[in-house]
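No value in this document is a laboratory result; all are computed from the given coordinates. Nothing here was measured: the structure is a model prediction, and the numbers come from that model. Here Cβ is always computed from backbone atoms with ideal geometry, including for glycine, and neighbour counts include all displayed protein chains.
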Ligand code: SAM
């Protein structure tokens, strides 16, 4: 059984291995502090607890997963969260990514399409004291227009194309971090909305996420 500290080392090691693709030797200290502070074992089912600090995705029920810690840390770093930011996450899952974001920003809105997971994550986040996170059951393709615009948006399920409503709900110069692709392998992308509403896309790394389901699903 790995310790939390070993997981942090494994994340740093994988950052080193992938430095050519991700364009950095290390992740932000603030992000790593947040990963250090959030107890991942609280976000996995009992039978997965022995593996909670493995640098690997784990099943959380309803056919879904909690993402690999390295990918969670990398996507958080790529979002470049600031203390005053209002962030939207699509794909709450266990609530782990939302908990990490909540330590870095002012407010996190997170959307989960599976009601059972949304309810569990909401109860878990409340029990653990993450008071600046709001969970909604909905199809995240459409974002959360009532709370927009956002300082950043993270999608933690693979979209076949960039969801237009999410671009609309970004502030100018804000980033959307998402796995993009229709198959089982996708590309992690950082999409930046420019002042003129055009977008800039940076390709980061090959990844493998569960698909975005709902009206705009590719599978
Ligand atoms: N961020 C999560 C965590 O920290 O545990 C892991 C996310 S898991 C890889 C992807 C999640 O996206 C699943 O819980 C899935 O149900 C959800 N999802 C898939 N399609 C969605 C959609 N259209 N809207 C909202 N959530 C969606």
Span from the the range 137-201 Cα centroid across to the the range 1-34 one, whole angstrom | 24
Picking from 146, 47, 89, which is most flexible by a Gaussian network model of the chain using Cα springs under 10 Å?
-> 146
Burial ranking of peptide ranges 74-85, 90-101 (average Cβ count within 10 Å, highest at the top) = 90-101, 74-85
At R0 = 35 Å the Cβ-Cβ FRET efficiency linking residue 202 and residue 106, nearest 0.05, sits at 0.90
Among 59, 72, which comes first, second and so on when ranked by fewest other beta-carbon atoms within 10 Å?
-> 59, 72
Taking a ≥ b ≥ c as the square roots of the eigenvalues of the Cα gyration tensor, with a/c under 1.5 meaning rounded and otherwise prolate when a/b exceeds b/c and oblate if not, the range 14-129 is oblate
In nanometres, what is the gap between the two model label sites at residue 42 and residue 162, each 7 Å from Cα along Cα-to-Cβ?
-> 3.6
Rounded to the nearest 5, what % of the DSSP beta bridges within the chain are antiparallel ones?
-> 45
If you line up the Cα atoms of the range 132-208 on their principal axes, what length do they span on each, largest first, in Å?
-> 32, 32, 21
Along principal axes, largest first, the alpha-carbon spread of the chain in whole Å comes out as 49, 39, 36
Roughly what would the spin-label model give for residue 20 and residue 33, points 7 Å off Cα along C-beta, in nm?
-> 3.4
Largest-first principal axis extents, alpha carbons of the range 1-70, Å | 35, 23, 20
The range 1-80: relative contact order from alpha carbon pairs under 8 Å, six or more residues apart, as a whole percent, is 35
Kindly identify the range 40-101 as rounded, prolate or oblate by the Cα gyration tensor criterion: order the square roots of the eigenvalues as a ≥ b ≥ c, call it rounded if a/c is under 1.5, otherwise compare a/b with b/c, prolate if a/b is larger, else oblate.
-> prolate
So what's the back-of-envelope 222 nm ellipticity for the chain, counting only DSSP H runs of four-plus at -39500 (n - 2.57) apiece and dividing by all residues, rounded to 500?
-> -8000 deg cm²/dmol
